[in-house]
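Trainee: One structure, pasted below without further comment.
Just so it is clear, none of the values below were taken in a lab; they were calculated from the coordinates. Being a predicted model, the structure only gives us computed values, none of them experimental. Backbone-built Cβ (ideal geometry, glycine too); neighbour counts: all protein chains shown.
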Amino acid sequence: MAIMDNSHALSSLKDPAGRYIFVNRRFVDIFGVPSDMALGKTDRQLFPRGIADEFRRNDLEAMKANDAVEFEECVGTPNGDRIFLSVRFPLHDADGIVYAVCTQSTDITARKEAENQLRLTARVFDHSGEGIVITNRQGLIMTVNKAFVDVTGYTEREVIGKKSSVLSSGKHGAEYYAEMWQQISSKGWWQGEIWNKRKNGEIYPEWLTINSVKDTHGEILHYVGIFSDISVVKESQKRIEYLATHDELTGLPNRALYVDRLKLAIAKAGRAKSQVAVMFVDVDNFKIVNDSMGHDAGDLLLRQLTGRLSECVRAGDTVARFGGDEFTILLENTTPSEVSATAERIINQLSLPHVLEDRKVYTTVSIGVCLFPEDGSDTQTLLKNADVAMYRAKDSGKNNFQFFTEELKALTSERMFYASDLRQAMERGQLYLVYQPQIDMQTGRAVGLEALLRWCHPERGLIPPNRFIPVAEETGLIDVVGEWVLESVCQQIGAWKSVGLEAPRISVNISSRQLRKAQFPEKIERLLAKFGLDAQCLALEFTEHALLENVDYVLAMITQLKAQGLHLSLDDFGTGYSSLSYLKRYSLDEIKIDRSFVDGIASEAHDRAIASAIIAMANALDICVVAEGVETDEQKAALLASGCTVAQGYLFSHPLPVGEVEVYFGGAPRKPKASR
Ligand code: C2E
Ligand code: MG
Ligand code: MG
C-alpha cells in the first residue's frame, strides 16, 4: 500500500459493489477528494453521473475479463479536464473470489495534446495549398508536402536527400541567393518572389517564405520553406499591364505605349543623329462603313486595316491605335524618302478592297507625317504636327500623304490666333454676311440666295470662312457664331419683308455641330416666330459629313426640320461619300454639285459623266440640283445640256453685301439696320 501511496499514478481499490476501499495520495491530490470522504463511497457519490457510470462499466468489464484491461478516460478535475490511461485488474482472495478491482491511472493529457498537435500539423502540412519543404541544417530536403508535389511535379522520393537548389531556374544569379541566405542567417527568415523550375522544365514564379527553426540553444535544426505558385497572379498582372498599354480591339499599342516608345526613339535618335518619323493615318470613310454596316463590320475593318498596316512597315517600327479610325506609326532611323515610300505603300495597300460580310468595301487613307528633329523635339509637338499634316492631306482631297511644312507651321499659329480673336470679332461687329444669288439659268431670274459669312479683321483684312470656320468648329465657337448667322439672316429677311423687298429663299450653312445640338429645330422655330417669318423663306445647307455622324439622331432632327417646312439642301455633293440612296432616306430637297465637278464639266469627259449621272439621278428622285461655282458660259451650257437649271457662281454674281442685294432685287434703299 505504501508503494501505491507514493506512486506517480493514481491508484484505488473498490470492492465488487463499487465502494472505494483505498485511494492513494495522488488520487486525493488530483480529484480533491480526501480519502476518508472517499472510502465506502461509490463513484456515483463522488463523480458526476456520466463519468461515474463509465468507471463502473469499466470496473465490471475488468471483473468479467478477469484480467488487466486498459481504458482511456477523460475526467473533469478541479484543474480542468485530464486524460488518463487506466489499467484495471481484479484482485482475488485465496479462494479465487474477486474481492476488489484495482485501478491505476496515469495522466497522459500532455502526451495526448502533443499527439493531437502533431496530427493537426500533419494535416495542415498535407492539406496546405502552399507548397512546404523542410530541409535539415545542411539544406538537404527531409520532407515535402502534397502541394509541393503538385506545383513542382517532383515526387517526394525524387527530392528527399537532394539540395533544395534542384528547383533553381537559373534566372537569378549567385548574388541573389547569397543575399537571401544572408538575411536568413541574420533575421531568421526571408520572403520574396522567386523564379523556380518545375520538373518538366517550365519556369514559374513563386512567393516564397523561408524560416529557420532553431532548438532551445539557438542551433539551427531545419529550414522550412513555404511557397505558392503565383503564375496565375502574374498572368493577370501581365494582362492588366497589357490592357493598359494596348488597344483591345486590334491588339496594337495604345497612345500611352506609343508615347513611351516615341520618347525612347527621340532620345536614341538625338544621340545617333538620325531621323524619326511620326505618321498619322486616318481612314477617310470609316464612319460611313461603321454607320451603314454596323459596328461589327467597323471593328472587322479596323482589324483588317491593322493587319495591312503592320505589313507595310519594318519589324522594328510601331503601329499604334489611339482610338477611332486613326492609326499612328513610328518609324525609327529613317529618311524622308523612306517615309514617302512607306506612306505610298500604305495608301496602295489600304485601298485594296476589303471583304466585310460578303461585301466589298473600299477605303482610302489620309496620312500626315512629321520628322524629328526637323519638325519638333518632343512627343507632344511631333504628334500635334503630324495631326496638322494629316488634316492638310484631308483638305487636299484625301487619299494622299503630306509632310508637315513651314507653311503648315504658320497656319497652326494662325489658327490659334483665329480662335482667340473670333469671339471678340462677333462682339465688335467684325462679322457680317454676304449673299450670293442662285440663278435659274433658263430664265435668268434669281431663285435663291446663299448667306456666306465674312470676317473683316482690323489688321488682317478679310479672312475667308474656309480659314476660320474650321477653327470655330474645333473650338466649339461655331455654336454662337452659327446662332448669330441664323438670327442675322432671319432679321434680314424680316427687314426686307417690312420694306416690301421680295427676296427669294435664303440658304444658310449649318455646321454638323449645330445640327447635333439639342433642340436645333425648336431654335429655328423660335427665330422664325420672333421675326414673323414663314419656314419657306429659309433653306438649310448641310454637308454629308454632318448627316453621317450620329445617324439616328440626325435623321430625327432632319425629319423634324422637314416637317416644319424648311427647305433642306446637301452642300458640296460629290466630295464626300455621295450616295444618292440616303438623299431619299433623309428626304432632302436639294443637292449642290460641288465646284470641283463643275470646274471640269465643260472640258473633262470624266467630270461631265459624273455630273450628268448625278443630275439624272437627282431629277429621277425629284430632288433639285444647284451647280456651285459656275464661272464660264461653257460650264453653263454643259449644265443645261445635262438637265441642271439652277446655278450659283461668279458668272452670274459674286456674293453681294446687303446694300447690293437690295439694288439687285429692285433698288430698294439701304436700311441702316439691315446689315451689321
Ligand atoms: P459653300 O457653302 O460651298 O459656299 C460656296 C462657296 O463658293 C463660297 O465661298 C462662295 O463665295 C464660293 N463661290 C461661289 N461662286 C463661285 C465661283 O464661281 N467660283 C469660285 N471659285 N468660288 C465661288 P465662301 O464664301 O468663301 O465660303 C466657303 C465655305 O465656308 C462655304 O462653302 C461654307 O461651307 C462655309 N461657310 C460660309 N459661311 C458659312 C456660315 O455662315 N456657316 C457655316 N457653318 N459655314 C459657312
Ligand atoms: Mg453652302
Ligand atoms: Mg458648297
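Trainee: Residue-wise, which Karplus ³J(HN,Hα) couplings in Hz belong to the range 449-455, taking 6.51 cos²θ - 1.76 cosθ + 1.60, θ = phi - 60°, and x for glycine or proline?
Mentor: The phi angles translate into 9, 9, 7, 10, 7, 10, 10 Hz.
Trainee: Okay, moving on. Using only the Cα atoms of the range 448-585, construct the convex hull and provide its projected area averaged over every direction, in square nanometres to one decimal.
Mentor: 9.2 nm²
Trainee: Which far-off residues, 5 or more places away or on another chain, put their amide H under 5 Å from the one on Ser587, with H placed in the peptide plane?
Mentor: none
Trainee: Here's a follow-up. Given Tyr435, Ala277, Tyr650, which one lies farthest toward the positive end of the charge dipole of the chain, if we put +1 on the Cβ of every Lys and Arg and -1 on the Cβ of every Asp and Glu?
Mentor: Result: Ala277.
Trainee: Along the charge dipole of the range 177-278, which of Ile226, Ser186, Leu249 sits closest to the positive end, that is, farthest toward it, with unit charges on the beta carbon of Lys, Arg, Asp and Glu (+1, +1, -1, -1)?
Mentor: Result: Leu249.
Trainee: Hey, another quick one. Check the straight Cα-Cα distances from Lys199 and name the aspartates and glutamates below 20 Å, setting aside those fewer than 8 residues away within the same chain.
Mentor: In chain and number order, the partners are Glu130, Asp150, Glu156, Glu158, Asp229.
Trainee: Also, quick follow-up: Can you figure out the FRET efficiency of Lys497 with Glu604, using R₀ = 30 Å and their beta-carbon distance, to the nearest 0.05?
Mentor: With R0 = 30 Å, the Cβ-Cβ based efficiency is 0.10.
Trainee: Amide H of Asp572 versus every other amide H placed in the peptide plane: which residues, excluding those fewer than 5 positions away on the same chain, fall under 5 Å?
Mentor: Here the answer is Lys592, since their amide H atoms fall under 5 Å of that of Asp572.
Trainee: Work out Dmax and Rg for the range 426-664 from the C-alpha atoms and quote the Rg first, both in angstrom.
Mentor: Rg, Dmax (Cα atoms, Å): 17.5, 50.
Trainee: Rounded to the nearest 0.05, what FRET efficiency is calculated for Leu60 and Lys146 with R0 set to 41 Å and r the Cβ-Cβ distance?
Mentor: Taking R0 as 41 Å, the efficiency between Leu60 and Lys146 is 0.35.
Trainee: Another one. Roughly how many nanometres apart are two label points built 7 Å out from the Cα toward the Cβ at Trp484 and Lys517?
Mentor: Once both label points are built, they end up 1.3 nm from each other.
Trainee: Please list, ordered by chain and number, the residues whose modelled amide H lies under 5 Å from the amide H of Ser169; skip anything fewer than 5 residues away on the same chain.
Mentor: Distant-sequence amide H within range of Ser169: Lys197.
Trainee: Within the chain, what percent of beta bridges assigned by DSSP are antiparallel, to the nearest 5?
Mentor: If I count the DSSP bridges inside the chain, around 80 percent turn out antiparallel.
Trainee: Could you give each residue of the range 94-110 its phi-based ³J(HN,Hα) in whole Hz, using Karplus coefficients 6.51, -1.76, 1.60 with θ = phi - 60°, and x for Gly or Pro?
Mentor: 4, 8, x, 8, 5, 10, 7, 10, 9, 10, 10, 10, 10, 7, 10, 3, 4
Trainee: Further, regarding this structure: What three numbers, in Å, describe the spread of the alpha carbons of the chain along their principal axes, ordered from the longest?
Mentor: Ordered largest first, the chain gives principal extents of 157, 63, 51 Å.
Trainee: Would you kindly work out the equivalent ellipsoid of the range 457-500 from its C-alpha gyration tensor and give its semi-axes, the square roots of five times the eigenvalues, largest first in whole Å?
Mentor: Those come to 26, 15, 7 Å.
Trainee: Using only the alpha carbons of the range 246-404, determine the length spanned along each of the three principal axes and report them from longest to shortest in whole angstroms.
Mentor: 50, 32, 23
Trainee: What angle, in degrees between 0 and 90 and rounded to the nearest 10, separates the Cα long axis of helix 520-530 from the longest principal axis of the Cα atoms of the chain?
Mentor: 40 degrees
Trainee: Could you give me D for the range 2-112, from Stokes-Einstein at 10 °C and 1.306 mPa s, where the hydrodynamic radius is the Kirkwood radius over C-alpha pairs? Units µm² s⁻¹, please.
Mentor: Answer from the Stokes-Einstein relation: 113 µm²/s.
Trainee: Which residue, chosen from Pro336, Val361, Leu305, occupies the Cα position most advanced towards the positive end of the dipole of the range 264-406, where the dipole is computed from +1 (Lys, Arg) and -1 (Asp, Glu) charges on Cβ about the Cα centre?
Mentor: Pro336
Trainee: Quick one: putting +1 on the C-beta of Lys and Arg, -1 on the C-beta of Asp and Glu, what dipole do you get for the chain around its Cα centre, in Debye to the nearest 20?
Mentor: In total the dipole reaches around 840 debye.
Trainee: While we're on this one: In debye, nearest 20, what is the charge dipole magnitude of the range 128-234 about its Cα centre with +1 on Lys and Arg Cβ and -1 on Asp and Glu Cβ, if you could check?
Mentor: Magnitude of the dipole: close to 200 debye.
Trainee: Spin-label point model (7 Å from Cα, Cβ direction): what's the Asp53 to Thr364 distance in nm?
Mentor: 10.1 nm
Trainee: If you don't mind, another one. Among the listed pairs Lys523/Lys592; Lys287/Lys636; Lys287/Lys384; Lys263/Lys287; Lys394/Lys517, which have their C-alpha atoms separated by more than 27 angstrom in this model?
Mentor: With Cα atoms farther than 27 Å apart: Lys287/Lys636; Lys263/Lys287.
Trainee: Please find the FRET efficiency linking Asn136 to Leu243, where r is the Cβ-Cβ separation and R0 is fixed at 30 Å, and quote it to the nearest 0.05.
Mentor: The formula returns an efficiency of 0.05 here.
Trainee: In addition: For the range 246-404, what is the charge dipole size about the Cα centre, in debye to the nearest 20, if Lys and Arg each add +1 at the Cβ and Asp and Glu each add -1 at the Cβ?
Mentor: The calculated dipole for the range 246-404 is roughly 400 debye.
Trainee: Something else now. If I fit a long axis through the Cα atoms of helix 255-272 and take the longest principal axis of the Cα atoms of the chain, what angle between them do I get, 0 to 90°, rounded to 10?
Mentor: Rounded to the nearest ten degrees, it is 80.
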